[in-house]
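Each value in this text was obtained by applying a stated rule to the coordinates, not by laboratory testing. These numbers were taken from a predicted model, which means no experiment stands behind them. Cβ: placed from backbone, ideal geometry, glycine included. Neighbour counts: every protein chain shown.
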Amino acid sequence: PVFVKRAKTARDNNRDLGLCRVLLAELERHQDAWPFLTPVSQKSVPGYRKVIKKPMDFSTIREKLVNSQYQNLETFIIDVNLVYDNCEKFNEDNSEIGRAGHNMRKFFEKRWTELLKQT
Ligand SMILES: Cc1nnc(-c2cnn(C)c2N)n1CCCn1ccnc1
């Protein structure tokens, strides 16, 4: 039978937030996370704020998670992908930071699909 889409419950949201905590902890301790741990400082990187309209980094995501600013997994994934999209926009693929961004995106895609299959 076609599975009828049921309304999201509070339990679903709690499960999602648990997944966000697990995923973010794994991202923060990944060896290629170093470029993304804190906001890019506009002092030491002139022009960054002109090119990147929506800066995002793992410490900001951690802050939002702690302050319950993510309603669900989707809004969390949007911010994580923003980190990688900003990195691709500002860095050559064949650069240390560019490669780190690609590695982190691949790792994230793999982990959240694995974790979602665990439902
Ligand atoms: C993230 C990110 N994307 N671009 C940069 C960056 C910083 N400086 N330059 C020349 C870039 N292309 N970043 C932040 C990397 C943060 N970082 C740099 C050294 N240690 C941490």
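Which of the three applies to the stretch 19-96, rounded, prolate or oblate, going by the alpha-carbon gyration tensor with a ≥ b ≥ c and a/c under 1.5 meaning rounded?
Numbers: a/c = 1.92, a/b = 1.55, b/c = 1.23.
It is prolate, given that a/c is not under 1.5 and a/b is the larger ratio.
What does the net charge come to around A25 if you take all other residues with beta carbon closer than 14 Å to its beta carbon, with K and R at +1 and D and E at -1?
Values: positive: R21, R29, R62, R111; negative: E26, E28.
So the surrounding residues net to +2.
HN-Hα J couplings of the stretch 47-54 from phi, Karplus 6.51/-1.76/1.60, θ = phi - 60°, integer Hz, Gly and Pro as x?
In residue order, the calculated couplings are x, 4, 5, 6, 8, 9, 6, 10 Hz.
Using the charge dipole of the chain (Lys, Arg: +1 at Cβ; Asp, Glu: -1 at Cβ; taken about the Cα centre), state which of Y48, L73, N14 has its Cα farthest towards the positive end.
It is N14, whose Cα lies furthest towards the positive end.
In nm, what is the difference between 0.36 nm times the number of residues separating S59 and S44 and their Cα-Cα distance? Don't skip to the end; give the middle numbers.
Details: separation 15, 0.36 × 15 = 5.40 nm, distance 1.81 nm.
My answer for the length gained is 3.6 nm.
Using 0.36 nm per residue, how much length does the chain from A7 to R21 gain when fully extended, once their Cα-Cα distance is taken away? Don't jump to the answer; show the numbers that get you there.
Values: separation 14, 0.36 × 14 = 5.04 nm, distance 2.31 nm.
Separation in residues times 0.36 nm, less the Cα-Cα distance, equals 2.7 nm.
Quick one: check the C-alpha center-to-center distance for the stretch 1-50 versus the stretch 96-119, whole angstrom.
Each part's Cα centre sits 11 Å from the other's.
With Cβ to Cβ distances under 13 Å as the rule, what net charge do the other residues near K53 carry (K, R +1; D, E -1)? Kindly include the intermediate steps, with their values, before the conclusion.
Working: positive: R49, K50, K54, K89; negative: D85.
After counting each charged neighbour, the total is +3.
Please list, or write none, the lysines whose alpha carbon is within less than 30 Å of the alpha carbon of K50, excluding same-chain residues fewer than 8 places away.
Those lysines meeting the cut-off are K64, K89, K106.
What is the local net charge at H102, summed over the other residues whose Cβ is closer than 12 Å to its Cβ (Lys, Arg +1; Asp, Glu -1)?
With Lys, Arg at +1 and Asp, Glu at -1, the net is -4.
For the chain, what's the relative contact order in percent, using C-alpha pairs closer than 8 Å and at least 6 residues apart? Intermediate results must be reported in sequence, preceding the final value.
Numbers: 95 pairs, mean separation 33.8, N = 119.
In percent, rounded to a whole number, it is 28.
Full extension from L37 to Q118: what is 0.36 nm times the residue separation minus their Cα-Cα distance, to one decimal in nm?
Values: separation 81, 0.36 × 81 = 29.16 nm, distance 2.75 nm.
Result for the pair: 26.4 nm of gain on full extension.
So what J values fall out for the stretch 28-34 if you push phi through Karplus, 6.51 cos²θ - 1.76 cosθ + 1.60 with θ = phi - 60°, rounded to Hz, Gly and Pro as x?
Computed from phi, the couplings for the stretch 28-34 are 5, 9, 5, 5, 9, 7, 3 Hz.
Tell me whether the stretch 17-57 comes out rounded, prolate or oblate; compute the Cα gyration tensor, take square roots of the eigenvalues as a ≥ b ≥ c, and use a/c under 1.5 as the rounded threshold.
Details: a/c = 4.07, a/b = 2.08, b/c = 1.96.
Prolate, since a/c reaches 1.5 and a/b exceeds b/c.
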